[in-house]
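J.: Submitted below is the structure of interest, expressed as structure tokens.
The values are calculated or read from the model by the stated rules, or taken from the named source; none is laboratory data. Note that the structure is predicted; figures quoted are calculated from it, not measured. For neighbour counting, all protein chains shown are included, and Cβ atoms are generated from backbone atoms with ideal geometry for every residue, glycine included.
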Amino acid sequence: MKRIAVIPGDGIGLEVIGEAVSTIELARDLFGLEIALTHFDWGAEKYLATGITMPEGGLDMLASRYDAILAGAFGDPRVPDNKHAVDILLGMRFGLDLYINLRPIKLIDPRLCPLKDRTPADIDFVVLRENTEGMYSFVGGNFKKGTSDEIAVQEEINTRKGVERIITAAFEYARAHNRRRVTMSDKSNVLTYGHDLWQRVFKEVAARYTDIEANHFYVDVLVMWMALDPARFDVVVTNNMFGDIVTDLGAALQGGLGMAASGNIHPGHVSLFEPVHGSAPPFAGKNVANPVASILTAAMMMDYVGFNEAATAIEVAVEKAVREGETTKDIGGNLSTTEAGAAIRKRLKESVGK
């Protein structure tokens, strides 16, 4: 039995995660899977009502009782400092040591790509972003804050352990998925200490994977080539901040954030899967949000917990629905959130002959 914690979050998260859950439940029935879903109401509503973000012992409970977590978006204008989002989402990423942020960049239909004359064969790569260090480590401070003499310092943290394990994960992913090339991206020409570590470790790790081509781009060159020739990429590995930026560019190449799945992973441990489009408060409750990212995220999660056949079937169903225009308005269709989810599930049932 695989146990999944479901945390829909805020805004459109509740709607799109609802479609993802319905898709998981259908796949469970179609493929006879042993999977149990447990729902948690952690989010802005609970925080505003109780002052509780994540309950005491929540991380230990997730780590000990669950195989994976499916989460929605967090963010609510009624919580201007986003304390609940920091405690819940970043709490899980850091507290569960989810050091791999895995973002597939895969174009389903050429009409969704802003680059002219690009096909799905041109845009099919993954980005592995280091997820627990870098500029997002909250190390720094202010001196004379609020005055004309204020100094603000934000430190970038790079450890040998952290850098080596994300680079190794990139090569392991490439080997496991028959990818031929790993590209590391940094800014070592100016960040001469932390990113020199990335350079040295990348060369050392690459030497252990002689069957896979290893190359390097400074991050400004990387984003240039993502726009000019995305077909040159198979697996990209980079640090926390650069990964945050380049994966959103990658999402644009595949049709926008409504198409972007994501996993926060520690291999062999409970891991977190979330669409990355945000809670989008202006669209919440209007049944207009694109559920594709959340359903593809659910497929990633299914694959992670070992339900590979079901995961592939969900991905194929999504691809068929998108190519037939059975989508929400943001990617050219005219369906609501619930209708787009239902269209994908219809395709899923058809694919297994039931």
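J.: Which of the numbered conditions does Glu339 fail, given that it passes all the others? Conditions: (1) assigned to a loop (DSSP other than H, G, I, E, B); (2) over 21 Å from Gly32 (Cβ atoms); (3) out of contact with any Asp or Glu (no Cβ under 6 Å at 6 or more places or on another chain); (4) of a type outside the set (A, V, I, L, M, F, W, C).
T.: Looking at each condition in turn, Glu339 falls short on (1).
Listed here are the residues, each with its yes/no results for (1) buried (at least 23 other Cβ atoms within 10 Å of the Cβ); (2) of a type in the set (Phe, Trp, Tyr); (3) closer than 26 Å to Gly134 by Cα.
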site	(1), (2), (3)
Ala27	yes, no, no
Leu33	no, no, no
Glu45	no, no, no
Ala49	no, no, no
Pro55	no, no, no
His84	yes, no, yes
Leu90	no, no, yes
Gly95	no, no, yes
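J.: Could you tell me whether Phe171 is touching a residue at least 40 places away in the same chain (Cβ under 8 Å), more than 30 Å from Lys329 (Cα to Cα) and surrounded by fewer than 23 Cβ atoms within 10 Å (Cβ to Cβ)?
T.: Numbers: touching a residue at least 40 places away in the same chain (Cβ under 8 Å): yes; more than 30 Å from Lys329 (Cα to Cα): yes; surrounded by fewer than 23 Cβ atoms within 10 Å (Cβ to Cβ): yes.
Spelling it out, Phe171 is indeed touching a residue at least 40 places away in the same chain (Cβ under 8 Å), more than 30 Å from Lys329 (Cα to Cα) and surrounded by fewer than 23 Cβ atoms within 10 Å (Cβ to Cβ).
J.: Take Asp330 and decide whether it is outside the structural domain of Ile167 (by TED's automatic domain parsing), touching a residue at least 60 places away in the same chain (Cβ under 8 Å) and of a type outside the set (Ser, Thr, Tyr). Before you say what the answer is, go through the steps one by one.
T.: Numbers: outside the structural domain of Ile167 (by TED's automatic domain parsing): yes; touching a residue at least 60 places away in the same chain (Cβ under 8 Å): yes; of a type outside the set (Ser, Thr, Tyr): yes.
It is true that Asp330 is outside the structural domain of Ile167 (by TED's automatic domain parsing), touching a residue at least 60 places away in the same chain (Cβ under 8 Å) and of a type outside the set (Ser, Thr, Tyr).
To keep it simple, each residue is scored yes or no on (1) under 27 Å from Ile7 (Cβ atoms); (2) in contact (Cβ under 8 Å) with a residue 40 or more places away in the chain; (3) out of contact with any His (no Cβ under 9 Å at 6 or more places or on another chain); (4) among the β-branched types (Val, Ile, Thr).
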| residue | (1), (2), (3), (4) |
| --- | --- |
| Met226 | no, no, yes, no |
| Phe233 | no, yes, yes, no |
| Val236 | no, yes, yes, yes |
| Asn240 | yes, yes, yes, no |
| Asp248 | yes, no, yes, no |
| Leu253 | no, yes, yes, no |
| Gly256 | yes, yes, no, no |
| His266 | yes, yes, yes, no |
| Phe273 | yes, yes, yes, no |
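J.: Continuing with this model, one more query. Name the helices (runs of 4 or more DSSP H) wholly within the stretch 1-98 that hold at least 2 residues that are over 16 Å from Phe273 (Cα atoms)? Talk me through it step by step, then tell me what you get.
T.: On the way: elements: 13-31, 44-50, 58-65, 91-95.
Once the helices (runs of 4 or more DSSP H) in the stretch 1-98 are filtered for at least 2 residues that are over 16 Å from Phe273 (Cα atoms), what remains is 13-31, 44-50, 58-65.
J.: So for the stretch 151-165 (the condition being under 27 Å from Pro230 (Cβ atoms), assigned to a helix (DSSP H, G or I) and modelled with pLDDT of 95 or more), does at least one residue qualify?
T.: Scanning the stretch 151-165, I find at least one residue that is under 27 Å from Pro230 (Cβ atoms), assigned to a helix (DSSP H, G or I) and modelled with pLDDT of 95 or more, so the answer is yes.
Listed here are the residues, each with its yes/no results for (1) touching a strand residue (DSSP E or B) at 6+ places or on another chain (Cβ under 9 Å); (2) surrounded by fewer than 22 Cβ atoms within 10 Å (Cβ to Cβ); (3) among the basic types (Lys, Arg).
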site	(1), (2), (3)
Met301	yes, no, no
Val322	no, no, no
Ile331	no, yes, no
Lys346	no, yes, yes
Glu350	no, yes, no
